[in-house]
Amino acid sequence: MTLNIRVITPDRTIWDAQAEEAILPSSTGQLGILKDHAPLLTALDIGVMRVRIDKEWTPIVLMGGFAEVEKNQVTILVNGAEEASSINLESAEKDLEKAIENLDIAQTNKEKIDAAQSLRKARARVQAAKALKG
């Protein structure tokens with residue numbers, strides 16, 4: 001038996017597949033999930049989830065949310081998600097550069113928080129796209 005992994009955003013299911021392993025970007029660090037993992041509920045940070053099917057790893061960008069693990073079911077509820085295969089690396093790198101610039105010029109606390117959030121998202125997208133190229 002394997003894990004059934006579902007990634008759900010507010011508007012659709014991004015991923016629903018069987019896998020041998022998942023590595024989640026939890027709020028306390030990377031969290032590995034294998035078959036027969038103990039029940040768990042954890043907060044997820046913005047970052048890259050990696051899913052192993054056979055010997056292939058698939059990166060998926062998660063935009064923060066929660067994960068529940070129970071009886072080999074991994075349910076991930078996130079604000080947004082994106083499969084690495086849909087990310088253009090060149091465009092993502094340009095977005096990362098722009099996000100770094102925006103953080104440098106941010107002045108108010110709100111601008112700094114928004115810019116930092118955008119930077120984390122841009123970094124995760126570049127990381128996922130690079131992982132796919134490999």
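Restrict the check to segment 120-130 and report whether at least one residue is of a type outside the set (Lys, Arg), in contact with a Leu (Cβ under 9 Å, 6 or more places away or on another chain) and surrounded by fewer than 16 Cβ atoms within 10 Å (Cβ to Cβ). No, segment 120-130 has no match at all. Residues of segment 7-28 that are surrounded by fewer than 15 Cβ atoms within 10 Å (Cβ to Cβ) and farther than 18 Å from ALA128 by Cβ: PRO10, ASP11, ARG12, THR13, ASP16, GLN18, GLU20, SER27, THR28. The residues in segment 68-107 that are part of a strand (DSSP E or B) and crowded, with 19+ Cβ neighbours inside 10 Å can be counted, and the count is 6. Summed over segment 34-59, residues that are part of a strand (DSSP E or B) and either surrounded by 11 or more Cβ atoms within 10 Å (Cβ to Cβ) or modelled with pLDDT of 95 or more (or both) total 18. Count of segment 71-102 residues, restricted to those that are farther than 16 Å from ALA19 by Cβ and not basic (Lys, Arg), is 20. Being under 23 Å from the mean Cα position of the chain (by Cα) and without any contact (Cβ under 8 Å) to a residue 60 or more places away in the chain is the filter here, so list the residues in segment 102-118 that pass it. The answer is ASN102, LEU103, LYS112, ILE113, ASP114, ALA115, ALA116, SER118.
The values are calculated or read from the model by the stated rules, or taken from the named source; none is laboratory data. In this text the structure is predicted, and so the values were computed from the model without any measurement. Cβ coordinates were reconstructed from backbone atoms using ideal geometry, including for glycine residues, and neighbour counts include every protein chain displayed.
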